[in-house]
């Protein structure tokens with residue numbers, strides 16, 4: 001069972017075989033703080049999941065041109081890439097694309113009746129509705145997603161965010177303080193630790209995480225990055 005929805009994009013669209021293909025944006029829950037945010041991770045994940053599945057009728061340069069124009073805030077004459085972006089949702093199918101927090105980490109959940117192209121177009125147009133700074137982060141994630149070849153897992157999250165701690169960092173957006181306390185091993189019943197206690201616990205956890213002191217070498221870098229992020233959040237709060 002998922003713990004919480006980190007980001008969500010709802011799309012309404014015609015059937016893939018319909019002669020007139022229409023697309024409308026529905027609910028958009030795309031948090032971008034702290035940057036690039038779970039919203040950008042979701043959009044990048046959509047690009048990674050559906051970009052490789054585009055049919056041969058769509059050229060890469062057509063997608064890149066559309067992204068550049070939407071990112072720049074230009075007016076997009078419709079239809080574009082065989083789809084008309086509209087407001088009316090009557091008679092359209094619904095698809096839901098989510099990034100959720102599972103016990104094992106962030107997970108992409110795509111429930112869609114649309115084509116790969118309609119999902120990618122929805123992500124591009126949704127990114128274009130973000131504020132200027134967030135929009136650039138979102139389009140950077142979209143481009144990284146389109147280059148990705150591999151499973152939609154924590155490695156993709158790290159690739160999209162450019163952060164070693166990847167999955168754990170995205171989960172911190174739910175409640176940064178609670179996440180940080182958990183990473184450093186403070187129990188909810190302990191109350192809020194002092195800055196001195198945070199520093200002391202950080203040093204202790206850092207020592208245990210290091211490969212020279214028994215920490216698993218493969219996971220050491222991610223663990224150390226998470227500890228550093230948790231320390232930063234608690235000392236800055």
Evaluate the following for residue 65: is it in contact with a helix residue (DSSP H, G or I) (Cβ under 7 Å, 6 or more places away or on another chain) and not in a loop (DSSP other than H, G, I, E, B)?
no
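Results for (1) in contact with a strand residue (DSSP E or B) (Cβ under 8 Å, 6 or more places away or on another chain); (2) outside any helix (DSSP H, G or I); (3) surrounded by fewer than 19 Cβ atoms within 10 Å (Cβ to Cβ); (4) at pLDDT 95 or above, shown as yes or no for each residue.
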{"site": "94", "(1), (2), (3), (4)": "yes, yes, yes, yes"}
{"site": "101", "(1), (2), (3), (4)": "yes, yes, no, no"}
{"site": "106", "(1), (2), (3), (4)": "yes, yes, no, no"}
{"site": "124", "(1), (2), (3), (4)": "no, no, no, yes"}
{"site": "129", "(1), (2), (3), (4)": "yes, yes, yes, yes"}
{"site": "134", "(1), (2), (3), (4)": "no, no, no, no"}
{"site": "139", "(1), (2), (3), (4)": "no, no, no, yes"}
{"site": "145", "(1), (2), (3), (4)": "no, no, no, yes"}
{"site": "149", "(1), (2), (3), (4)": "no, yes, yes, no"}
Kindly evaluate residue 82 against the criterion of being at positive phi, surrounded by 13 or more Cβ atoms within 10 Å (Cβ to Cβ) and touching a strand residue (DSSP E or B) at 6+ places or on another chain (Cβ under 7 Å).
yes
One residue is enough: does segment 40-54 have a residue meeting the conditions loosely packed, with under 15 Cβ neighbours inside 10 Å and assigned by TED's automatic domain parsing to the domain that holds residue 97?
yes
Single unsatisfied condition, residue 67 versus (1) under 23 Å from residue 132 (Cα atoms); (2) modelled with pLDDT under 95
(2)
Do you know which residues across segment 110-122 are within 13 Å of residue 10 (Cβ to Cβ) and surrounded by fewer than 21 Cβ atoms within 10 Å (Cβ to Cβ)?
110, 111, 112, 113
Within segment 67-116, work out how many residues are touching a residue at least 12 places away in the same chain (Cβ under 8 Å) and either under 24 Å from residue 37 (Cα atoms) or within 17 Å of the chain's Cα centre (by Cα) (or both).
22
Report yes if some residue within segment 25-39 is under 15 Å from residue 159 (Cβ atoms), at pLDDT below 90 and under 20 Å from the mean Cα position of the chain (by Cα); otherwise report no.
yes
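The values are calculated or read from the model by the stated rules, or taken from the named source; none is laboratory data. Note that the structure is a prediction, hence the values are computed from the model and not measured. Note that each Cβ is placed from the backbone with ideal geometry, even for glycine, and that neighbours are counted across all protein chains shown.
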